[in-house]
Amino acid sequence: MKAGEKRKEVERREQKGHLRRGYAVNRELVALERELSMLCKNVFIITFVGTFSSSTYIKAQIVKVLYSVREFEQAEVIFKELLRNNPYRVEDMDTYSHVLYAKEDIFALNNLAHRMVLIDNYRPKTCCIIMNYYSLKRQHEKAVMYFQRAFKPNKNYSSAWILMGHEYVKLKNILAATNAYGRAVDIDPSDYRAWYGLGQAYEIMGMPLAALHYFGKSAFLQPNDSQEDVSKREGRARHG
């Protein structure tokens, strides 16, 4: 078997290892989901927040959608309201820390971490918030340490596995990163972040076909990524 054919065979096996079944991206479906997502973001969410303004549960679900479509400003407004209504709330605050991390708001993330430590220092969600804080400060070894603490009471905390994968990528431990992302996929195969992380990891390892496969799965689950980003990945995969 030639070297090029052998590499393709390895990539094919890697794809099956995490996916366990065939998968193909339907480009028309992705485009349709992107349009529906924009409609949801601009009309549906705003209507729901107004209609169910007194429901904490509905607000918590809506704010997760806002985070997933990268409407960080709107998400932060609702998170602040949730904390005003319940200053001791821990549930969903790990998602709030993701929002603050994405905004690179180290001051607000520091305040949130201190608040959660005072409420419940040993909750897995508190550990994830602290991890985001150290990651934003580029103290990745400390971030991994808090990730490991988050796993002690709950090995099925998929968000923590994803974030640990991110930290291992930054530490250039790509094998550990793929293992972490793979665990996240096993726990929650509907989370696009784990598939995207696998795509990045395999791209770094110089396996472009496998990388494109995982990027495609991520795009199918999260059609809000720009077409420009998808095209760049496809170009790298074809010419890698």
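Exactly one residue out of Met145, Met164 is hydrophobic (A, V, I, L, M, F, W, C) and within 18 Å of Ala102 (Cβ to Cβ), and it is Met164. Of everything listed in (1) under 25 Å from Tyr122 (Cα atoms); (2) surrounded by fewer than 21 Cβ atoms within 10 Å (Cβ to Cβ); (3) modelled with pLDDT of 80 or more, the single unmet condition for Gly165 is (2).
Among the residues of region 117-134, those that are under 22 Å from the mean Cα position of the chain (by Cα), within 12 Å of Glu91 (Cβ to Cβ) and surrounded by fewer than 24 Cβ atoms within 10 Å (Cβ to Cβ) comprise Arg123, Pro124, Lys125.
Take Tyr202 and decide whether it is buried (at least 16 other Cβ atoms within 10 Å of the Cβ) and closer than 21 Å to Leu100 by Cβ. Criteria not met by Tyr202. Helices (runs of 4 or more DSSP H) fully within region 30-87 that include at least 1 residues being farther than 28 Å from His114 by Cα and at pLDDT 75 or above: none found.
The values are calculated or read from the model by the stated rules, or taken from the named source; none is laboratory data. Fair warning: this is a prediction, and the values are worked out from it, not measured in the lab. As a convention, Cβ positions derive from the backbone with ideal geometry for all residues, glycine included, and neighbour counts pool all protein chains shown.
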